[in-house]
Structures are given as structure tokens and as C-alpha cells.
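Please read the structure below before turning to the comments.
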Number of protein chains: 2
Amino acid sequence: MVAGPLPAPSGPGKDRLRLWIRLLRASRTIEAELRERLKKDFNTTLPRFDVMAALYRAPEGMLMSDLSRFLLVSNGNVTGIVDRLVSEGLVARARRNGDRRTSMVRLTEEGTQAFAAIAAAHEGWIGELLGKVSEDDARRLTGMLTSFRSNWEGRE
Amino acid sequence: MVAGPLPAPSGPGKDRLRLWIRLLRASRTIEAELRERLKKDFNTTLPRFDVMAALYRAPEGMLMSDLSRFLLVSNGNVTGIVDRLVSEGLVARARRNGDRRTSMVRLTEEGTQAFAAIAAAHEGWIGELLGKVSEDDARRLTGMLTSFRSNWEGRE
DNA sequence: ATATAAAACTTTAAGCTTGAAATATCTTGT
DNA sequence: ACAAGATATTTCAAGCTTAAAGTTTTATAT
């Protein structure tokens, strides 16, 4: 998936293949750097950060299924990550609905404060790591990726 | 990491944060689709495909350390994936160098044929999944991502 | 020569990830 | 009311992933 074009691909459609390879390498490179910094500076992980970021946006809480849909990961996956966050006191489950199948998951006070600190650092890192991309290019790129994505939303 | 801008981020540097989020969501969406198709149509996985793609480009073989560097994953990780590929007869290790620490890893004949079939399908999928991106935009985007990446190459 | 360091790789423990199967709960049609 | 189906979540097995520690081999400096 990260194969580079040593024998540079050419022909119809090769530009898209090349784009995909670059896209993947870029995101993996950044992801690796973020993972390392999250570990070193905050002793946490990217999946934990993802979950906390989603919950931070939803103070009233989220269902497990909402979380997994939003984060684009499987539901079984979210269970494990939330389990660990709960055991660390950063997240709480509240099974107090009318519907007893669901559990409302939200950040604890401790989790909220912890996340705020991490998020501030995170935003700085992104600014640094993408520093060479002009704000103008950033907006242009974002637009392209958005239009690409809308093509994809709501498939399957 | 995939947090979307519900309370749309604004302020200095927010364009880069938004770009990163879009980048990540795009690559995860495509990756998920590829993973599913690789499983369904070829009963294989993305990591296996990555390793085989790297080896396909290097008929003479690659060292384990070259593989892990190229694929941007840890060395211990590659060991496991190659182990499984070897046990399936798709890849072979040859520890026959002057340097007896290294092992030259390469595709077997069976592995080469298997990969060729998968790669053909894969290229078609990418063309389909990125179909809405014009060849022109694809080239432009690739250029931006490349220049971004060169900013990153050879850090740490 | 021989200790010391460096390099290539593997092993290990912990955590992440998926897809499928299992549980529990709710909803619907009769 | 009750069976049948749909939903929400967890559990499970297998595989992926990393960082750190361990092994074997090679290179280097006395």
C-alpha cells in the first residue's frame, strides 16, 4: 500500500494510483510521528486520543455505535478502547436510558481536562508537521479531499 | 484523529488541522474498502499486500530492514507478516549472504503470480474509488503531497 | 587478539483491529 | 401475549502493530 514508484507507473489511471500511494504515505508518516509524541509526552495512544476527541465534541455523551461509526472502526474495537479509558477514570459509561441495550459514553471531568491539554499540544504538532503547506494550499487540498469524500459517503 | 469539525475549528492554523483530518479520513475510508475487497476476493490482507508489493518491485529480494524502512512499519512487525507469507509458500527467506545476520526475502514463483493477479484488481479498485478525482487534480494533489513529504524525509 | 560497540533480526508483552458469533434488549406483526 | 426479527453491545480468535529487550553476527578500537 505504500509501494513507491520505482519503475514509475505510467498509463491510464496511473495518476490516481500514484495519488493514493502518496496519500497513504503522507498520512502514515504523520500518524507515526503523532503516535510517538502522544506516547512520549502524554503516555497515551492515537486510538485513545481519537475516542476522547470524539467525546470531547459531545459533552452529553455518545453511544458506542455512534463512536464506531464516527471513528470508522469496528464496534468491537471501540469496546476495548473504552474499557481501558474507563479503567483509567477518563471515561464513564452510563447505562441509564430507557433503552437498556445502549450505554451513553462520555468523558469524566478528569478526562476532559486531560484531553484539553493533549489537544492543545496536538494542534501545535499538526501546525508544525504541515508547516510547509501554505494556508492557501491547505484549503485547496481540503476542498479536493472533501469533494472526493462526498463521492464516498454513504456507500455500502 | 478522525474528529470532524462539528464546532468548525477556526483561527490561525486551523486550516492545517482541518486538512489533516480530511487526509486521515480519506485514507482510512479507502483503506477500509481495500481491506474488505482483499479479504473477500483474495482472502488476504493489506499488510500482506504491502509486503508482496514491495518484494514484487525487487525481484532480487530485500532485507528485512529494507522492508520495514520502506513500508514505514517496525521491524518486529515485518517479521510476523513475512513468517506467515513464508508458511503459505508465497515468500522465501535466503540466509546465504556473506553477512549471516541478514536474510534476503523475495517472492516465490507462486507468490509472484498471486501478487500479479491481486495487483491488477487493486489498480482497478483505486481507479474506481478515486474515479471522481480528475487526472488533473490527481496530479496536482500528488504534487502537493510530494512537496509536503520532502519536507519530512530524513527526519529523526 | 579481544573487548566493545554496532547492526540485523527475532522475541515478547501490551494494545489495536477486524469480522463473526454470542447476549441482551427492544420492536413488530399477529 | 408471543414469536420473529431488528438493534446495541460484548466476546472471541486471529492477525497486525509498536517499543523494548534479547540473540546472533559483524565491525572497530585498542
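The values are calculated or read from the model by the stated rules, or taken from the named source; none is laboratory data. None of these values were measured; they are calculated from a predicted model. FYI the Cβ positions are ideal-geometry reconstructions off the backbone, even for glycines, and counts take in every protein chain you see.
With respect to A:Glu88, is the statement that it is surrounded by fewer than 19 Cβ atoms within 10 Å (Cβ to Cβ) and under 17 Å from A:Pro59 (Cβ atoms) true? It would help to see each step written out before you state the result.
Details: surrounded by fewer than 19 Cβ atoms within 10 Å (Cβ to Cβ): yes; under 17 Å from A:Pro59 (Cβ atoms): no.
No.
For the range B:68-79, name all the residues that are of a type in the set (A, V, I, L, M), part of a helix (DSSP H, G or I) and more than 8 Å from DNA strand C (Cβ to nearest atom).
Initial filter on the range B:68-79 (of a type in the set (A, V, I, L, M)): B:71-73, B:78.
Imposing the further condition that a residue be part of a helix (DSSP H, G or I) reduces the set to B:71, B:78.
Correct list: B:Leu71 only.
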Count, please, the residues in the range B:8-61 that happen to be touching a strand residue (DSSP E or B) at 6+ places or on another chain (Cβ under 6 Å) and crowded, with 21+ Cβ neighbours inside 10 Å.
1
So which of B:Ser27, B:Ser10, B:Ser65 is away from DNA strand D (no atom under 11 Å from the Cβ), of a type in the set (Ser, Thr, Tyr) and at pLDDT 95 or above?
B:Ser65
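Quick grid of which residues meet (1) away from DNA strand D (no atom under 11 Å from the Cβ); (2) assigned to a strand (DSSP E or B); (3) over 15 Å from the mean Cα position of the chain (by Cα):
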position	(1), (2), (3)
A:Glu33	no, no, no
A:Asp41	yes, no, yes
A:Ala53	yes, no, no
A:Glu60	yes, no, yes
A:Ile81	no, no, no
A:Ala92	yes, yes, yes
A:Arg106	yes, yes, yes
A:Ala117	yes, no, yes
Of the numbered conditions (1) small (Gly, Ala, Ser); (2) more than 29 Å from B:Ala26 (Cβ to Cβ); (3) at pLDDT 95 or above; (4) surrounded by fewer than 16 Cβ atoms within 10 Å (Cβ to Cβ), B:Ala121 satisfies every one except a single condition; which is it?
(2)
Of the conditions (1) assigned to a helix (DSSP H, G or I); (2) in contact with a strand residue (DSSP E or B) (Cβ under 6 Å, 6 or more places away or on another chain); (3) within 16 Å of DNA strand D (Cβ to nearest atom), A:Thr102 clears all except one; give me its number.
(1)
Failed criterion for A:Leu72 (all others in (1) crowded, with 18+ Cβ neighbours inside 10 Å; (2) without any contact (Cβ under 8 Å) to a residue 24 or more places away in the chain hold)
(1)
Assess whether A:Val78 counts as being surrounded by 16 or more Cβ atoms within 10 Å (Cβ to Cβ), more than 7 Å from every other protein chain (Cβ to nearest Cβ) and farther than 24 Å from B:Leu23 by Cβ.
no
Return only the number of the condition from (1) in contact with a helix residue (DSSP H, G or I) (Cβ under 6 Å, 6 or more places away or on another chain); (2) farther than 29 Å from B:Arg25 by Cα that B:Ala138 does not satisfy.
(2)
